[in-house]
Structures are given as C-alpha cells and as structure tokens.
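Visitor: Have a look at this one.
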Amino acid sequence: MIRFFYEAAGNLKRKGKPYWSLVYKLGKLLLNLLYPVSQRFRRAAGTDENGRIIVSLTSFPDRIGTVWITIASLFNQTRRPYRVILWLAGEQFPDRSIPKSLSRLRKRGLEIRFCEDDLKPHKKYFYAVQEYPEYFVVTADDDVLYPENFLEELWKGCEKYPGAVVCSWSHQIGFSGQGGFEPYNSWADEPVPVPQYRTLAVGCNGILYPPGSIPKDALDKEKIRENALYTDDLWLKCMEIRNGRKAVNCRDSVLIYFNQLAAGGSGLWKRNTGPEQNNDRVWERLMRLYPEVRDALAEEVASEKEG
C-alpha cells in the first residue's frame with residue numbers, strides 16, 4: 001500500500017509532471033487515514049530467522065503512541081529483517097509502561113529494549129551495532145511510513161557496493177570557495193550514483209550500515225554527548241570517513257518518505273536545520289576535532305576536478 005502511493009508520486013516527479021506534489025500530499029493523507037486501520041489487527045510474522053538485517057530505531061514519550069504504525073510498516077517488507085528492535089531510554093519510561101498498540105507487535109517479532117543512557121537519536125545504532133556486530137544494521141525514524149520495498153532497495157545497494165553505507169536520501173557536503181563549508185541547508189540533495197565521502201546519508205529515509213562500517217571510536221558516549229548529541233547523521237558521517245567508508249544513495253531521484261501526521265512536529269530537524277542552525281555549529285566543531293576528515297573530503301573534491 002505505502003509503496004503504491006509513494007511510487008505514484010515519484011514516477012510523476014521523474015517525468016516532470018507539475019502536479020506530482022499534489023499526488024504526494026494526497027497519498028500521504030490517504031495513508032495516514034487508511035494504513036493504521038489496515039494494520040491494527042494484523043498478526044503475520046514480520047521477521048525472518050535467516051535474515052541478515054537488524055532494523056533498529058528509537059522513540060520518546062511524545063511519539064510512543066504512534067510509533068507502532070512505523071514499526072508495522074517495517075514488518076511488511078519484501079525482505080524481512082532478522083530483528084526489529086525499539087530502544088527506549090529507561091529514564092523516560094521509569095515504569096516500563098508502553099501502549100497496547102505497541103505491545104501487541106511483540107507477537108510479530110518486535111523487541112522492546114530499555115537502555116540506561118539516553119543518547120537521544122544515537123540510540124538508533126549505538127546498542128545494535130555492538131550487540132550484532134556481524135549483521136547489517138538499518139536505522140529507521142519513528143514517524144515514517146516505510147514502503148514495502150524499503151529494505152530490499154537498501155540491500156540491493158549494498159550488494160552493488162559492498163562495504164558502503166547505503167541510504168535512499170542524502171546530501172552532498174558543500175565546500176565554499178574559501179576552503180570551508182557551505183551552510184548545511186544549502187547542501188545539494190541530488191544523489192550521486194557511486195560511493196563518495198561527500199555523500200551524507202540522511203536518517204529519516206533509513207540507512208544501512210554494513211558490519212564494521214561504524215568504528216569503535218564512534219561509540220564513545222562522552223564524545224557523543226560533548227560534540228553531537230542531537231546530530232547523529234553528522235557524527236556518523238565523520239566517523240565513517242575516519243574509518244575509510246564511503247556512502248551511496250541507492251535511489252536515482254529525491255523524494256522523502258511519507259511521514260505520520262499524528263506524530264506531530266517535534267522532530268530534531270527543527271532544532272538542527274531551523275533558526276538555531278545546530279547542524280552548522282556541530283559540523284564546524286567536528287571539523288576542528290577531526291581535521292583528517294576535512295582533508296579526506298578536500299582530496300576527493302580535488303580529485304573530481306582533476307578528473
């Protein structure tokens with residue numbers, strides 16, 4: 001169902017039809033009305049004991065009543081994951097109470113894990129990559145409706161480019177003429193079809209991390225808290241480059257997945273890309289801390305110009 005509406009809008013956009021955005025908005029509205037009803041009593045297993053993918057996500061009290069809809073979409077995949085794990089901060093859920101709408105998804109394969117440290121969005125990957133080092137970890141956001149071929153597309157990208165971090169929405173890190181970086185909000189969305197250091201995987205459309213792509217240095221809790229607590233995408237981009245890993249977008253066009261209207265507008269994107277410009281401040285800080293990352297990016301740009 002989700003794939004049908006998403007691809008309908010995407011195909012129109014690729015063809016340059018001016019009304020694609022209307023179809024996109026209409027599809028989002030219809031899905032927000034119909035999808036929860038269609039999934040409320042579904043009981044089919046959503047995991048595969050022979051799968052190689054761990055889907056990992058986190059949520060917080062304001063969205064705990066709607067995250068089940070996102071998780072239901074992750075259970076309806078053409079390539080089923082080995083595990084779907086929801087990480088919750090113990091301090092935010094002191095009585096370990098969760099809605100019935102979420103609890104019943106345990107029968108479909110959901111694991112709900114409470115963690116001691118609230119590492120904000122970093123909980124999406126932090127614990128999963130340590131507990132399942134030999135698996136492919138796919139992170140997901142808690143307010144998105146994922147198309148049925150979501151995992152299949154990421155997996156195909158991984159097969160085509162082994163070892164690369166794979167995403168379906170990205171930005172190209174922008175350099176200024178003075179050797180610095182353009183503001184984050186000006187980084188281009190157009191996907192590049194080959195792995196690059198400059199491709200920044202954006203988390204809302206999901207990201208696949210192959211085994212070993214997130215180094216141990218990325219799992220330093222104190223450094224995360226000090227430098228990038230609310231900007232997991234930038235932190236991981238920096239750590240990937242230090243680990244010699246590039247990223248690639250598996251899609252040939254830009255279209256963000258449908259989000260849940262009922263989840264509200266309390267996401268981190270407002271903090272990071274809004275008037276506070278948190279992304280720019282964090283990126284500048286990370287470049288000071290890890291100048292080798294700046295050098296790797298600059299070398300890639302210079303090589304492209306020479307080529």
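Visitor: Just to be sure I understand: with springs between alpha-carbon atoms less than 10 Å apart, which residue in 147, 18, 215 has the highest mean-square fluctuation in the Gaussian network model of the chain?
Guide: 18
Visitor: Another question about this same structure. Helix-only mean residue ellipticity at 222 nm, the chain, DSSP H runs n ≥ 4 weighted -39,500 (n - 2.57), per residue, nearest 500. What is it?
Guide: -11500 deg cm²/dmol
Visitor: Still on this structure: If Lys and Arg each add +1 and Asp and Glu each add -1, what is the summed charge of the other residues whose beta carbon sits under 15 Å from the beta carbon of residue 14?
Guide: My count for the surroundings of residue 14 gives 0.
Visitor: Treating the beta-carbon of each Lys and Arg as +1 and of each Asp and Glu as -1, no other charges, what is the dipole magnitude of the chain about its Cα centre, to the nearest 20 debye?
Guide: 1260 debye
Visitor: Restricting to lysines 8 or more places apart or on different chains, can you count the pairs in region 76-159 with Cα atoms under 23 Å from each other?
Guide: Working: 100/123; 100/124; 107/124; 124/156.
Lysine pairs satisfying the spacing and distance rule in region 76-159 number 4.
Visitor: Residue 85: net charge of surrounding residues, Cβ under 14 Å, Lys/Arg +1, Asp/Glu -1, itself excluded?
Guide: The answer is +3.
Visitor: How do 116, 222 stack up against each other in accessible area, from largest to smallest, with a 1.4 angstrom probe?
Guide: Reading off the accessible areas and sorting them downward yields 116, 222.
Visitor: Give me the percent of the accessible area of region 128-240 that comes from carbon and sulfur atoms, probe 1.4 Å, all protein chains in place.
Guide: Accessible surface attributable to carbon and sulfur in region 128-240 totals 50 percent.
Visitor: Still on this model: Binning at 5 Å from 0, report for region 41-163 what percent of all alpha-carbon pair distances ends up in each bin.
Guide: Pairs per bin, as whole percents: 2, 11, 23, 25, 21, 12, 5, 2, 0, 0.
Visitor: Let me ask something else. If you roll a 1.4 Å probe over the heavy atoms of the protein chains, what accessible area per residue do you get for the chain, in Å²?
Guide: 45 Å²
Visitor: Roughly how tilted is helix 150-160, in degrees to the nearest 10 and between 0 and 90, from the longest Cα axis of the chain?
Guide: 40 degrees
Visitor: How would 17, 156 rank on accessible area, largest to smallest, probe 1.4 Å?
Guide: The most accessible residue leads, giving 156, 17.
Visitor: Moving on to the next point. Leaving out same-chain residues fewer than 8 places away, which lysines sit with a Cα under 29 Å from that of residue 305?
Guide: 160, 237, 246
Visitor: Within 10 Å, Cβ to Cβ, of residue 47, how many net charges do the neighbouring residues add up to if Lys/Arg are +1 and Asp/Glu are -1? Before the final figure, lay out each step's value.
Guide: Details: positive: 80, 83, 108; negative: 48, 49, 111.
Around residue 47, the surrounding residues sum to 0.
Visitor: Of 154, 297, 74, which has the largest mean-square fluctuation in a 10 Å C-alpha GNM of the chain?
Guide: The residue that fluctuates most here is 297.
Visitor: Here is a further query. With a ≥ b ≥ c taken as the square roots of the eigenvalues of the C-alpha gyration tensor of region 85-133, please select rounded if a/c is under 1.5 and otherwise prolate if a/b is larger than b/c or oblate if it is not?
Guide: Oblate, since a/c reaches 1.5 and b/c is not below a/b.
Visitor: Please give the contour-minus-distance gain from residue 44 to residue 223: 0.36 nm per residue of separation, less the Cα-Cα distance, rounded to one decimal in nm.
Guide: Working: separation 179, 0.36 × 179 = 64.44 nm, distance 4.13 nm.
So the extension gain works out to 60.3 nm.
Visitor: Turning to a different aspect of this structure: For 231, 78, give the ranking by accessible area with the largest first, probe 1.4 Å.
Guide: 78, 231
Visitor: Still on this structure, please answer the following. Of 101, 38, 56, which is the most mobile in a GNM of the chain whose springs link Cα atoms less than 10 angstrom apart?
Guide: 38
Visitor: While we're on this one: List the lysines whose Cα sits under 21 Å from the Cα of residue 28, skipping any in the same chain fewer than 8 residues away.
Guide: Partners within reach: 13, 15, 17, 270.
Visitor: Now for a different question. How far, in degrees from 0 to 90, does helix 291-306 lean away from the longest principal axis of the Cα atoms of the chain, to the nearest 10?
Guide: Its long axis makes an angle of about 80 degrees.
Visitor: To continue, here is another question. Relative to the longest principal axis of the C-alpha atoms of the chain, give the angle of the C-alpha long axis of helix 232-242, reported between 0 and 90° and rounded to the nearest 10°.
Guide: Orientation of helix 232-242: about 50 degrees from the principal axis.
Visitor: Next question. Give the residue from 147, 158, 169 lying farthest towards the positive end of the charge dipole for region 147-191; charges sit on Cβ (+1 for Lys and Arg, -1 for Asp and Glu) and the dipole is referred to the Cα centre.
Guide: Result: 158.
Visitor: Kindly provide the trypsin sites (Lys or Arg not before Pro) of region 10-93 that DSSP labels as loop, not H, G, I, E or B, and whose Cβ sees at most 12 other Cβ atoms within 10 Å.
Guide: 15, 40, 43
Visitor: Here is a follow-up. Calculate how many DSSP beta bridges within the chain are antiparallel, expressed in % of all such bridges and rounded to the nearest 5.
Guide: Working: 12 of 30 bridges.
If we restrict to bridges inside the chain, about 40 percent are antiparallel.
The values are calculated or read from the model by the stated rules, or taken from the named source; none is laboratory data. No experiment lies behind these values; they were computed from the predicted model shown. Don't worry about glycine lacking a Cβ; one is built from the backbone with ideal geometry, like all the others, and counts go over all protein chains shown. Ligands, DNA and RNA are stripped out before the accessible areas are found, and what is left, the full protein with its side chains, is counted by its heavy atoms. Shrake-Rupley method; radii C 1.70, N 1.55, O 1.52, S 1.80 Å.
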